[in-house]
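In what follows, a structure is listed as structure tokens, so that the remarks can point back to it.
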């Protein structure tokens, strides 16, 4: 899941896939600011056909945590 | 729980007596929350240790309760270099206070007073955080990055990513991003969601310091410039080449706006800066 997410981040923000890891935080990615944050999450909802809860999103620290949330959502 | 703690601070401020340190209330609430959350924090000893070890008191909110570790004092980490550095930073705090006292009454110009306030606050806050990190190391805790050369920021957006990073991250994580996401999901336009969430986040940052009209204005003032830069200024200068001259112009622009913002709260900050 992390690799799929990294690919999404890479294509959405036009950043190098190799520079992304499970420890990458939003502010490490060029263009991932507050303005784009909501749009990107909505994009992920469309891609994975899931719905995020606000509480889940608040506790997201990095890409690894986001991948974990998505994986759990996709499984259920 | 973290959201409740963070959001309740402006509200608590409202009931506090003048000059009461808000962060101490924040910290006490975290202790209370830690005590309630016994899955993670199992012993009273943890709480007692934390009462004597208060990094958040200086730095602002920067950790989730789950990241708290029991402070264990490592005597090997205390050496002459650590003590010299602590002594050095204490001296910076004291000399900044003297600098502030010396210059603040020399002029009636509000902007000059704000400049003195800005510089003194910066040096005192940075030094306090450096001391906290030295103590953190002795307690086996991770260092806290609270400043990233804010005096070299090229925009107000950039400034708030470099100044009091812990509070900025908190406001971003718990306020602006969730609100923005919620509003977008409700079908609001991107720009409107961004404007509203930014305004709320900056008003929170203002009121987090003190529940007063001056800090409310402070929040609105910075939100205005953040939005202005994001929606107008930087769209106009998309082809901006970061040459040396351009950088200097943008640094001056940024610091001028920041100092102008400090005029709104300079009398409040007189009580924050340590000075004789």
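Some notes on this structure:
- Mean projection area, nm², convex hull over Cα of chain A: 4.5
- Angle of helix A:2-13 to the longest C-alpha principal axis of chain A, folded into 0 to 90 degrees and rounded to 10: 60°.
- Put a dot 7 Å past the Cα of residue B:72, heading toward its Cβ, do the same for residue A:76, and the two dots end up 3.6 nm apart.
- For segment A:22-62, a Kirkwood radius taken over Cα pairs fed into Stokes-Einstein (20 °C, viscosity 1.002 mPa s) yields D = 194 µm²/s.
- In this simple spin-label approximation, residue B:103 and residue B:232 carry label points 7 Å from Cα along the Cα→Cβ vector, and these lie 3.1 nm apart.
- Considering every alpha-carbon pair of segment B:155-241, the percent of pairs per 5 Å bin, from zero through the bin containing the longest distance, is 3, 15, 21, 25, 19, 12, 4, 1, 0.
- Mean-position separation - Cα centroids, segment B:137-182 and segment B:206-226, in angstrom: 16
- Scattering curve values for segment B:85-137, log₁₀ I(q)/I(0), Debye with Cα scatterers, q = 0.13 Å⁻¹: -0.35
- By the beta-carbon count within 10 Å of each Cβ, the least crowded to most crowded order of B:275, B:209, fewest first, is B:275, B:209.
- Helix A:63-75 axis versus longest C-alpha principal axis of chain A: approximately 30°, rounded to the nearest ten.
- Short-range pairs are left out: with C-alpha atoms under 8 Å and at least six residues apart, the relative contact order of segment A:2-75 is 38 percent.
- Residue order, fewest to most beta carbons within 10 Å, for B:221, B:194, A:27: A:27, B:221, B:194
- Neighbour-count order for B:81, B:59, B:166, fewest beta carbons within 10 angstrom listed first: B:81, B:166, B:59
Quick note: the coordinates plus some simple rules give every number you see, no bench work behind them. Source: prediction; values computed, not measured. Cβ sites come from the backbone with ideal geometry, for glycine too, and all protein chains shown count toward neighbours.
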